[in-house]
Amino acid sequence: MSSATLTIDLEAIAANWRALDARSGAAARTGAVVKADAYGLGAAPVARRLADEGVRHFFVALAEEGAELRRALGNGPEIHVFSGHMAGDTDLIRSHALSPVLNAREQIARHLKELPGHGFAVQIDTGMNRLGLEPADWEAVKAEVLGAGGAGLIVSHLACADEPDHPMNARQLRLFKRLTDGLDVERSLAATGGILLGPAYHFDLVRPGIGLYGGAPFAEARPVVRLSLPVIQTRELSVGETVGYANSWSARRPTRLATVAAGYADGLARALSNASRLWHGATPCPLVGRVSMDLITVDITDLDDTPGALDILGPHQGIDALAEDAGTIGYE
């Protein structure tokens, strides 16, 4: 086989959800963020497995994602759409029973006019300055929103939850409580990082995302993905021979080189050039030379055999380790 194989462990995702649910305590329910096709792993199978585990609140970015998820899950689970009620979304929201997270006064006006009585959530911006009503706008429309009926959830989003000691966390928590205390509406502030900050941040519903898929800051997460890349050719190099575009790597010893069928066309960042490694079992094999469009080259001199494939993601190298090599984060 000449193409890569990505193995996704749905049972590991379920185990990670259970672990985060246990962290959330009895007072808060635990949802799941499955936007961006469940972080690239397949929203339909991931969400179905989590629904079997008991998840009843799912979060997506766009109404179109919500419609696909409804077709996968059927009736019952609540599907929240972070982008809210955009122009042109009305039919999707109505026909697929989606709950838009209303982010601005114009979205509130649109929703109450076009779908009166249809359930929704509201997002308040407490410092991220990305999506959500400014505090003054929330105070101005709060009576109208709550009086209209249909408001089932108030959310906000933490900007620095992956840094537990960052003062922004406590500042956002205080503001969220000031804006929502005493209201007869459920509240949600914590994603994965917020869950790990402790019970003060949990409120009624938590919404883990990256932690489900094996990523930081949930250090106890089980690994979810294995990406195996096929070896399509091997060759012997003498000392001083160079590899790849721009001669960016030179052999300092007699070297056995494997050419592997993957590259930046497959999403392997060019920044991994001469900076990462692949694995054969527990043995690391340096990635040498530049990542090209559909090929990379790997030093397998230290292996006793010639593997049919090498892992770039797996039990010995997770998404955050690979991301660090590329100068990015596990999400990407």
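Helices (runs of 4 or more DSSP H) wholly in the range 1-97 with at least 2 residues that are open to solvent by less than 10 Å² (accessible area, probe 1.4 Å) and of a type outside the set (A, V, I, L, M) - which ones?
Helices (runs of 4 or more DSSP H) meeting the threshold: 10-24.
Residues are listed down the side, and each one gets a yes or a no for (1) of a type in the set (Lys, Arg); (2) part of a loop (DSSP other than H, G, I, E, B):
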residue	(1), (2)
GLY193	no, no
LEU196	no, no
PRO217	no, yes
ALA221	no, yes
ARG226	yes, no
THR234	no, no
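Across the range 285-327, which residue is farthest from the chain's Cα centre (by Cα) among those that are within 24 Å of ALA12 (Cα to Cα) and either hydroxyl-bearing (Ser, Thr, Tyr) or part of a strand (DSSP E or B) (or both)?
ALA309
What pairs come up if the first residue lies in the range 242-255 and is modelled with pLDDT of 95 or more, the second is of a type in the set (Asp, Glu) and open to solvent by less than 50 Å² (accessible area, probe 1.4 Å), and their beta carbons are under 7 Å apart, counting only those six or more places apart or on different chains?
THR255/ASP299
Condition (residue is without any contact (Cβ under 8 Å) to a residue 24 or more places away in the chain and on the phi > 0 side of the Ramachandran plot) applied to the range 219-227: is it met by at least one residue?
no
Which condition number in (1) modelled with pLDDT of 95 or more; (2) open to solvent by 10 Å² or more (accessible area, probe 1.4 Å) is the one that GLY150 fails?
(1)
Looking only at the range 218-244, which residues are open to solvent by less than 80 Å² (accessible area, probe 1.4 Å) and either more than 38 Å from the chain's Cα centre (by Cα) or farther than 27 Å from ARG207 by Cβ (or both)?
Within the range 218-244, SER228, LEU229, PRO230, VAL231, THR234, LEU237, SER238, GLY240, THR242, VAL243, GLY244 qualify.
Take the residues of the range 263-284 that are of a type in the set (Gly, Ala, Ser) and part of a loop (DSSP other than H, G, I, E, B): which is surrounded by the most Cβ atoms within 10 Å (Cβ to Cβ)?
SER273
Tally time: how many residues in the range 160-192 are more than 30 Å from ALA148 (Cβ to Cβ) and either without any contact (Cβ under 8 Å) to a residue 12 or more places away in the chain or touching a helix residue (DSSP H, G or I) at 6+ places or on another chain (Cβ under 8 Å) (or both)?
Result for the range 160-192: 11.
Take ASN169 and tell me if it is of a type in the set (S, T, N, Q) and farther than 18 Å from LYS35 by Cβ.
Considered against the rule, which asks whether it is of a type in the set (S, T, N, Q) and farther than 18 Å from LYS35 by Cβ, ASN169 comes out as yes.
If we scan the range 248-262, do we find a residue that is of a type in the set (Gly, Ala, Ser), surrounded by 15 or more Cβ atoms within 10 Å (Cβ to Cβ), under 14 Å from SER292 (Cβ atoms) and under 33 Å from the mean Cα position of the chain (by Cα)? It would help to see each step written out before you state the result.
Initial filter on the range 248-262 (of a type in the set (Gly, Ala, Ser)): 248, 250-251, 258, 261-262.
Among the residues that remain, those that are also surrounded by 15 or more Cβ atoms within 10 Å (Cβ to Cβ) are: 251, 258, 261-262.
Right, trim to under 14 Å from SER292 (Cβ atoms) and you get 261-262.
Now drop any that are not under 33 Å from the mean Cα position of the chain (by Cα), which leaves 261-262.
Looking for residues that are of a type in the set (Gly, Ala, Ser), surrounded by 15 or more Cβ atoms within 10 Å (Cβ to Cβ), under 14 Å from SER292 (Cβ atoms) and under 33 Å from the mean Cα position of the chain (by Cα), one finds at least one in the range 248-262, hence yes.
If you go through the range 22-37 one residue at a time, do you hit one that is modelled with pLDDT of 95 or more and at positive phi?
Among the residues of the range 22-37, at least one is modelled with pLDDT of 95 or more and at positive phi, which makes the answer yes.
Identify, by number, the condition in (1) under 18 Å from ARG187 (Cβ atoms); (2) assigned to a helix (DSSP H, G or I) that VAL122 doesn't meet.
All conditions are met except number (2).
Scan ILE108, ILE124 and give me the residue that is closer than 27 Å to LEU20 by Cβ and surrounded by 18 or more Cβ atoms within 10 Å (Cβ to Cβ).
Matching residue, one of ILE108, ILE124: ILE124.
The values are calculated or read from the model by the stated rules, or taken from the named source; none is laboratory data. Values in this document were obtained by computation on a predicted structure and should not be read as measured data. Here the Cβ is made from the backbone with ideal geometry for all residues, glycine too, and neighbour counts use every protein chain on show. Side chains included, ligands, DNA and RNA excluded: accessible areas come from the protein's heavy atoms. Shrake-Rupley method; radii C 1.70, N 1.55, O 1.52, S 1.80 Å.
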